[in-house]
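Structure, as structure tokens:
The values are calculated or read from the model by the stated rules, or taken from the named source; none is laboratory data. Small disclaimer: the values here were computed from a predicted structure and weren't measured. All Cβ positions, even for glycine, are placed from backbone atoms using ideal geometry, and neighbour counts span all protein chains on display. For accessibility, only protein heavy atoms count, side chains too; no ligands or nucleic acids. Shrake-Rupley method; radii C 1.70, N 1.55, O 1.52, S 1.80 Å.
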Amino acid sequence: MTEPLLKIENLRIELALRSGQAPVIDDLSLELNAGETLSFVGESGCGKSMTALAIMGLLPEKVGSIAQGRILFQGNDMAQMNSSQLRAIRGNEISMIFQEPMTSLNPVYTVGEQIAEVLRRHKGMNKRDAWKRAIELLDAVRIPNAKARISDYPHQMSGGQRQRVMIAIALACSPKILIADEPTTALDVTVQAQIFDLLRDLGRETGTAIILITHDMGAVAEMADRMVVMYAGRKAEYGPVAPVISHPRHPYTKGLISCVPHLLAELTEERPDLTEVPGIVPSLDSFGVDACLFASRCYLADDKCRSKRPPEIVFGDQSSACWKADQI
Amino acid sequence: MTQIDDIPAKARSPFSEASEMFRRNHAAVAGLVVLLLIVAVAIIGPMVYPGDPFDMVWVPFTPPGEEGYLMGTDYLGRDLLSLLIHGAKVSLTIGVSAAVVTVSIGITVGALAGFYRGWVEELLMRLTEFFQVLPTLLFSMVIVSLFGASLFMITLAIGLVSWPAVARITRAEFMRIRELEYVTAARAGGVKNGKLIFSVILPNALPPIIVQAALMVGSAILFEAGLSFLGLTDPNVASWGQIIGSNREYILDASYAVTVPGVAIFITVLAISLVGDGLNDALNPKLRQR
């Protein structure tokens with residue numbers, strides 16, 4: 001097997017709190033191959049976005065830091081890179097789109113200027129070529145009448161259109177990896193589907209690997225090849241999407257799946273009750289403890305779960321950090 | 001059937017939107033007209049009304065309107081109208097260049113402090129506070145009397161005592177904007193810090209700074225008049241303040257000699273303030289109705 005494009009080894013990210021250092025990401029390892037779509041799933045505050053920011057080297061200054069582990073991009077450790085090496089990768093080899101399309105474009109420049117800017121910065125294109133390419137890109141993200149819309153300011157576009165512009169900017173330099181941090185959370189459902197279609201099609205065309213951060217299990221099932229279920233900064237379950245969804249090996253994954261109606265079965269006349277995962281994510285202070293952090297919300301939990309952190313148990317391609325993984 | 005997307009969006013740049021908001025403020029438009037008239041006088045006036053304003057042309061203390069001198073003559077028999085016209089250019093130049101000095105220092109200090117935070121911010125803000133607690137008139141008098149009362153020194157002195165306000169506004173805007181998502185997005189796109197400060201954040205921070213700069217022009221003219229009144233002025237250059245200053249002692253015998261330039265200053269500063277107010281309407285997004 002060839003070397004993976006991105007390899008994260010034993011990553012630990014700590015946040016400085018008033019009470020001390022708390023690990024928001026604890027011992028995370030994963031691999032991303034070229035052209036593949038990997039999905040991060042989990043509730044809010046599980047460290048999904050932190051992982052993305054850590055890959056980009058954009059952890060909040062003086063608050064977040066990489067305490068341990070390596071982020072290998074094509075064999076080079078990004079955690080050790082200086083800022084100019086990182087800048088050469090950001091936006092060029094790895095780019096990112098954000099949750100809020102309404103605020104992630106600079107309001108004082110036209111969308112064309114913002115797309116062309118990236119091309120000029122990373123590809124050294126001249127003004128005219130960059131502008132031409134910007135129109136092509138705007139067309140590629142399916143904005144009708146791209147030639148006219150290119151001189152629009154962000155406030156003249158709708159949320160969905162702005163997210164398309166963000167995608168155009170992110171894909172302008174044909175990056176190897178695109179990190180999409182909840183790209184559709186702020187959009188309505190029909191637009192969500194269009195954006196996912198667009199991401200999937202463009203990812204296939206350009207061979208860009210996508211890291212999709214979401215809490216939408218439906219989107220994962222549709223988009224991703226493999227998935228990582230995060231819980232409280234730890235990897236709960238990891239594996240190819242189909243087996244994980246059809247046979248989850250972690251009670252948290254199981255809970256997440258049972259929240260979504262159409263994943264369970266074909267829609268029939270019978271409407272089973274949807275179950276929720278009771279309780280809330282534990283507070284940051286307790287993230288470091290040697291126990292299963294899901295124990296307080298788990299119907300299978302016993303004393304062992306509450307006193308010792310579960311190791312990763314492997315089932316073929318799938319792995320689960322649960323003491324009771326074989327019982328599920 | 002037309003798709004909604006096919007209807008070309010009405011191209012309205014932020015500029016055209018702002019100018020519409022400005023035009024809605026009638027006082028500001030009036031102020032702008034008056035200001036443009038004064039600027040025209042300052043530029044065209046000396047050509048229409050040539051001659052050295054410092055030449056003695058008639059008997060001193062000729063009241064306005066007599067002997068063909070519309071504004072009368074001052075204590076040295078100089079034509080006040082000529083002084084006024086030539087002084088317009090000097091006063092406006094001092095106002096604008098002092099505002100430029102103020103804004104340049106203020107933006108640099110405020111941007112660096114607001115962007116980098118940490119010890120850079122501590123250092124720059126303590127410096128700002130140091131300049132803020134100095135009595136402004138006294139401090140500028142010290143500078144001018146130490147380094148000579150040339151126009152350049154007066155402009156610099158006014159700039160040096162006025163920048164802290166601009167620095168504070170700039171810093172506050174930077175602290176707000178640097179946390180916005182498009183700045184993170186720009187970082188994620190590999191933008192360098194220098195570019196982040198000047199082409200990503202600064203254009204978004206400009207509106208309140210522009211308003212402040214416009215008002216600065218007015219207060220710099222007033223400041224210069226104040227210094228001149230105290231005698232701290234270049235006696236070889238006719239600014240409005242200088243006319244007032246040199247005729248100060250004769251205020252009881254020839255009140256018109258200080259009133260005429262005084263009214264000129266009043267009208268100019270008022271016009272500038274109205275324009276500043278209009279700019280505030282035009283550039284403040286909270287007042288904008290969509």
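For region A:51-111, trypsin sites (Lys or Arg not before Pro) are listed when DSSP marks them as loop and at most 11 other Cβ atoms sit within 10 Å of their Cβ; the list is A:62.
Using the alpha-carbon atoms, what tilt in degrees (0 to 90, nearest 10) does helix B:118-133 show relative to the longest principal axis of chain B? The two axes meet at around 20 degrees. The alpha-carbon of residue B:195 sits under 24 angstrom from the alpha-carbons of these lysines, leaving out residues fewer than 8 places away in its chain: A:62, A:123, A:127, A:132. If you run the Gaussian network model on chain B, springs between alpha carbon atoms under 10 Å, then out of B:104, B:219, B:19 the most flexible one is B:19.
The GluC sites (Glu not before Pro) of region B:89-181 that meet both conditions, a loop assignment by DSSP and at most 14 other Cβ atoms within 10 Å of the site Cβ, are B:179. So which cysteines in the protein assembly as shown don't have a second cysteine's C-beta under 4.7 Å from them? A:46, A:173, A:259, A:298, A:322 - these cysteines have no disulfide-compatible partner (Cβ-Cβ under 4.7 Å) in the protein assembly as shown.
Is the shape of region A:100-172 best called rounded, prolate or oblate, per the rule: a/c under 1.5 gives rounded, else a/b larger than b/c gives prolate, else oblate, with a ≥ b ≥ c the square roots of the Cα gyration tensor eigenvalues? Prolate is the answer for region A:100-172, as a/c is 1.5 or above and a/b outweighs b/c. In the context of the full protein assembly, residue B:86 retains an accessible surface of approximately 40 Å², using a probe radius of 1.4 Å and ignoring ligands and nucleic acids. Take the accessible area of B alone and of A alone, subtract that of the pair with a 1.4 Å probe, and the total buried over both chains is about 2300 Å². Heavy-atom accessible area, probed at 1.4 angstrom with all protein chains present, ranks A:246, B:255, A:104 as A:246, B:255, A:104, highest first.
Ordered by 1.4 Å accessible area with all protein chains kept, A:259, A:292 run largest first as A:259, A:292. Counting only protein heavy atoms and using a 1.4 Å probe, the accessible area of residue A:275 comes to about 70 Å². Taking all protein chains together, A:190, B:170 sort by accessible area into A:190, B:170, largest first [probe 1.4 Å]. Does anyone have the angle between helix B:202-229 and the longest principal axis of chain B? Alpha-carbon axes, 0 to 90°, nearest 10? For helix B:202-229, the angle is close to 20 degrees. Net charge of the neighbourhood of residue B:156, taken over other residues with C-beta under 14 Å away and scored Lys/Arg +1, Asp/Glu -1, is -2.
Computed over protein heavy atoms with a 1.4 Å probe, the carbon and sulfur contribution to the accessible area of region B:22-284 reaches 72%. A cut-off under 14 angstrom between Cβ atoms defines the neighbours of residue B:129, and their net charge, with Lys, Arg +1 and Asp, Glu -1, is +1. Listed by chain and number, the aspartates and glutamates whose alpha-carbon sits under 16 Å from that of residue A:235, ignoring those within fewer than 8 places in the same chain, are A:9, A:14, A:26, A:27, A:31, A:43, A:290, A:312, A:317.
Rounded, prolate or oblate: which fits chain B, taking a ≥ b ≥ c as square roots of the Cα gyration tensor eigenvalues, rounded meaning a/c under 1.5, else prolate when a/b beats b/c? Oblate, since a/c reaches 1.5 and b/c is not below a/b. Of the trypsin sites (Lys or Arg not before Pro) found in region A:183-236, no site is in coil according to DSSP while having at most 15 other Cβ atoms within 10 Å of its Cβ.
Using protein chains only and a probe of 1.4 angstrom, how many square angstrom of residue A:315 are accessible, to the nearest 10? Probe radius 1.4 Å; accessible area of residue A:315 about 50 Å².
A P(r) calculated from all alpha carbon pairs of region B:68-161, with 5 Å bins opening at zero, reads 3, 12, 15, 15, 15, 13, 10, 6, 4, 3, 2, 2, 0, 0 percent.
Straight-line reach from residue A:176: taking Cα to Cα under 13 Å and skipping same-chain neighbours fewer than 8 places apart, the aspartates and glutamates in range are A:36, A:93, A:205.
Since only A:105, A:153, A:131 are under comparison, the one whose Cα sits farthest along the positive direction of the charge dipole of region A:100-172, derived from C-beta charges on Lys, Arg, Asp and Glu, is A:131.
Net charge within 15 Å of residue A:207 by Cβ-Cβ distance, Lys/Arg positive one each and Asp/Glu negative one each, not counting residue A:207 itself? Spelling it out: positives minus negatives among the neighbours equals -2.
Derived value for region A:55-153: Kirkwood hydrodynamic radius 15.7 Å. Basis is the mean of 1/r over every pair of different alpha-carbon atoms.
Taking Cα atoms only, the orientation of helix A:111-123 departs from the longest principal axis of chain A by about 80 degrees. In a Debye calculation with equal point scatterers on the alpha-carbon sites of the protein assembly as shown and no solvent, what is log10 I(q)/I(0) at q = 0.12 Å⁻¹? So the normalised log intensities work out to -1.19.
Could you do me a favour and compute the accessible area per residue for chain B, 1.4 Å probe, result in Å²?
Numbers: 14240 Å² over 290 residues.
With all protein chains present, chain B gives 49 Å² per residue.
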